[in-house]
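Q: Mind having a look at this structure? Questions to follow.
Bear in mind these aren't lab numbers, they're just calculated from the coordinates by the rules spelled out. Keep in mind it's a predicted model, so treat the numbers as computed, not measured. Here the Cβ positions follow ideal geometry from the backbone for every residue, glycine too, while neighbour counts run over all protein chains shown.
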């Protein structure tokens with residue numbers, strides 16, 4: 001376990017405060033009362049510099065727009081996307097850059113229901129085959145998909161469990177990265193129907 005210093009405690013306090021602000025923003029989004037219009041005026045105001053407070057590492061799904069989901073304006077949020085939020089080298093490098101160069105102290109790993117990449121992995125595991133068209137993603141998501149199927153009752157949809165396993169797995173992976181030491185990494189799931197973001201525990 002990393003040594004808890006005054007500076008690391010201060011960073012975690014800052015990250016926790018940022019997380020609370022993001023969840024409050026999500027509450028505004030769900031209520032249909034966003035604070036930010038993100039129009040050209042806001043874009044011009046943010047153009048000279050950026051001071052993002054967090055990174056959201058999420059899926060490429062077109063229905064998941066982090067800036068809207070958390071009601072953030074231009075310059076407030078960095079977003080990294082891969083299908084199934086698989087932490088490949090480019091994604092991890094981007095997160096490390098955000099921490100080192102922009103001082104971001106919070107990473108939110110945001111999964112979502114009905115994820116196509118998760119479903120592709122579940123189908124591949126059930127068929128015990130690797131589709132060459134999605135081979136890399138299936139390979140990376142095979143473990144959570146396989147575990148979810150094993151832990152699900154007959155007839156039960158394994159996708160929600162696989163999704164949460166992948167979120168926890170990604171959080172654990174990023175939390176071990178040396179260059180993200182001191183960064184708070186949390187997992188969450190976005191509900192496509194309600195718009196609500198729910199934190200995922202790390203069990």
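Q: On the given criteria, is residue 154 part of a loop (DSSP other than H, G, I, E, B) and surrounded by fewer than 19 Cβ atoms within 10 Å (Cβ to Cβ)? Quick ask: steps written out before the conclusion?
A: Details: part of a loop (DSSP other than H, G, I, E, B): yes; surrounded by fewer than 19 Cβ atoms within 10 Å (Cβ to Cβ): yes.
Taking the combined requirement at face value, the residue satisfies it.
Q: Here's something else I'd like to know. Would you please name the residue that is surrounded by the most Cβ atoms within 10 Å (Cβ to Cβ), looking only at residues in the range 170-203 that are part of a loop (DSSP other than H, G, I, E, B), free of Cβ contacts under 8 Å to residues at least 40 places away in the same chain and in contact with a strand residue (DSSP E or B) (Cβ under 9 Å, 6 or more places away or on another chain)?
A: The qualifying residue surrounded by the most Cβ atoms within 10 Å (Cβ to Cβ) is 202.
Q: Which one of 138, 167 is out of contact with any helix residue (DSSP H, G or I) (no Cβ under 6 Å at 6 or more places or on another chain), in a helix (DSSP H, G or I) and buried (at least 19 other Cβ atoms within 10 Å of the Cβ)?
A: 167
Q: Oh, and also: Condition (residue is exposed (fewer than 15 other Cβ atoms within 10 Å of the Cβ) and more than 16 Å from residue 189 (Cβ to Cβ)) applied to the range 61-76: is it met by at least one residue?
A: Scanning the range 61-76 turns up at least one residue that is exposed (fewer than 15 other Cβ atoms within 10 Å of the Cβ) and more than 16 Å from residue 189 (Cβ to Cβ).
One line per residue, one yes/no per condition, for (1) in a strand (DSSP E or B); (2) more than 23 Å from residue 194 (Cβ to Cβ):
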| position | (1), (2) |
| --- | --- |
| 37 | no, no |
| 45 | no, yes |
| 48 | no, yes |
| 52 | no, yes |
| 56 | yes, no |
| 62 | no, no |
| 71 | no, no |
| 74 | no, yes |
| 78 | yes, yes |
